[in-house]
Amino acid sequence: MKRIVLIGMLVLALAAMTGCLTGTGAQPESGVTPSDGAVAFEVLSRSNWPTEVADWVARATQGQGGPVYAGETFGEKTYLLIFGGVLPSEGYTIKFEKVEAYGGRVTVTAEVKGPSNPWSSRVEMPVAVARIARHTGPIEFQVSRESGRLPK
């Protein structure tokens with residue numbers, strides 16, 4: 001009988017340490033990762049956007065003159081969109097710097113760089129898309145421009 005109680009206590013202690021009892025070891029329903037910290041992301045070239053992502057980007061940016069920051073989940077992936085808005089010359093680039101999760105919230109840090117040709121009279125509308133593991137919680141974007149912060 002003492003062995004059974006001892007084994008039971010050992011199983012409970014092990015379960016508590018691994019998070020099985022508190023839920024800390026399981027993936028939260030509303031989040032990307034089971035713990036806080038850096039989130040792996042992949043930047044996608046326009047030619048690699050799935051059809052539903054291309055359609056979503058078109059809807060989200062249509063008629064928008066200013067910056068657009070958005071996240072949308074398709075299947076097991078969440079896509080992150082940064083649209084720089086209508087910019088006055090060509091050669092702007094958008095660089096995703098990091099994606100982090102804290103307390104069920106994802107924060108995306110990015111920078112709009114450029115232009116590489118400031119004397120151009122061609123208007124440009126830079127767009128960048130990255131993807132992360134499925135996330136259904138809030139997403140915050142912190143996007144800066146080399147000369148300062150872009151409006152939200």
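Coordinate-derived values only; no laboratory data. Since the structure is predicted, the reported quantities are computational estimates derived from the model, not experimental observations. In this analysis, Cβ positions are derived from the backbone assuming ideal geometry, glycine residues included, and neighbour counts consider all displayed protein chains.
Counting other C-beta atoms within 10 Å, which of VAL123, VAL53, VAL43 has the fewest, and how do the rest follow?
The fewest-first ordering by Cβ neighbours comes to VAL123, VAL43, VAL53.
For ARG134 and SER89, compute 0.36 nm times the residue count separating them, minus their Cα-Cα distance, and round to one decimal in nm.
Difference between extended and current length: 12.7 nm.
Sequence-distant or interchain residues sharing an amide H contact under 5 Å with GLY85, placed H: which?
VAL68
Please compute the Kirkwood hydrodynamic radius over the stretch 76-151, one decimal place, Å, based on all pairs of different Cα atoms.
Details: mean 1/r = 0.0750 Å⁻¹.
Its Kirkwood hydrodynamic radius stands at 13.3 Å.
Based on the Cβ-Cβ distance from VAL123 to GLU52, what FRET efficiency comes out when R0 is 35 Å, to the nearest 0.05? Walk me through the numbers on the way to the answer.
Values: r = 28 Å, r/R0 = 0.79.
After rounding, the FRET efficiency stands at 0.80.
Could you tell me how far the Cα centroid of the stretch 52-70 sits from the Cα centroid of the stretch 78-101, in Å?
If we compute the Cα centre of each part, the gap is 12 Å.
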